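Shown next, in structure tokens, is the structure this report addresses.
The values are calculated or read from the model by the stated rules, or taken from the named source; none is laboratory data. Small disclaimer: the values here were computed from a predicted structure and weren't measured. For neighbour counting, all protein chains shown are included, and Cβ atoms are generated from backbone atoms with ideal geometry for every residue, glycine included.
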Amino acid sequence: MRNAVLAAMALVALSWATHESVAQEADAAAGERLFRQRCGACHQIATTRNGAGPHLQGMVGRAAGSIKGFNYSPALRDSGITWTADTLESYL
């Protein structure tokens with residue numbers, strides 16, 4: 001899960017960028033590859049379908065442990081965390 005959240009953070013950060021360069025495109029490709037290798041078997045980013053882990057679509061701004069139908073730990077569900085760049089970085 002930690003790697004999935006990191007990949008989601010990287011994708012969010014890249015989406016906020018206003019200027020694309022060759023380096024940024026390489027970073028995006030590397031992030032996508034890392035997500036597929038380490039996270040994609042359990043987490044989805046293109047759909048709201050849960051796998052072994054919850055989907056990550058729309059994660060920033062969402063309360064931790066709030067996806068209906070996914071069995072979160074009580075600690076995460078009751079944590080009061082709302083995912084932001086800062087809370088994701090701290091969580092990871």
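Give me a count of the residues in region 48-85 that are of a type in the set (Gly, Ala, Ser), within 22 Å of residue 38 (Cβ to Cβ) and surrounded by 10 or more Cβ atoms within 10 Å (Cβ to Cβ).
Counting residues in region 48-85 that are of a type in the set (Gly, Ala, Ser), within 22 Å of residue 38 (Cβ to Cβ) and surrounded by 10 or more Cβ atoms within 10 Å (Cβ to Cβ) gives 6.
So which of 26, 46 is of a type in the set (A, V, I, L, M, F, W, C) and modelled with pLDDT of 85 or more? Steps first, please.
Numbers: 26 fails: modelled with pLDDT of 85 or more.
After ruling out the rest, the residue left standing is 46.
List pairs: first residue in region 81-92 and more than 13 Å from residue 58 (Cβ to Cβ), second residue surrounded by 12 or more Cβ atoms within 10 Å (Cβ to Cβ) and aliphatic (A, V, I, L, M) anywhere in the structure, Cβ distance under 6 angstrom, at least six positions apart or on different chains.
Qualifying pairs under 6 Å: 81/64; 87/81; 88/5; 88/9; 92/5; 92/6.
Taking interchain pairs and intrachain pairs at least six residues apart, which have beta carbon atoms under 7 angstrom, with the first residue in region 36-54 and closer than 19 Å to residue 76 by Cα and the second modelled with pLDDT of 90 or more and surrounded by fewer than 11 Cβ atoms within 10 Å (Cβ to Cβ)?
The qualifying pairs are 42/52.
Which members of region 66-90 meet the condition of being more than 17 Å from residue 44 (Cβ to Cβ) and not in a helix (DSSP H, G or I)?
Passing the criteria: 73, 78, 79, 80, 81, 82, 84.
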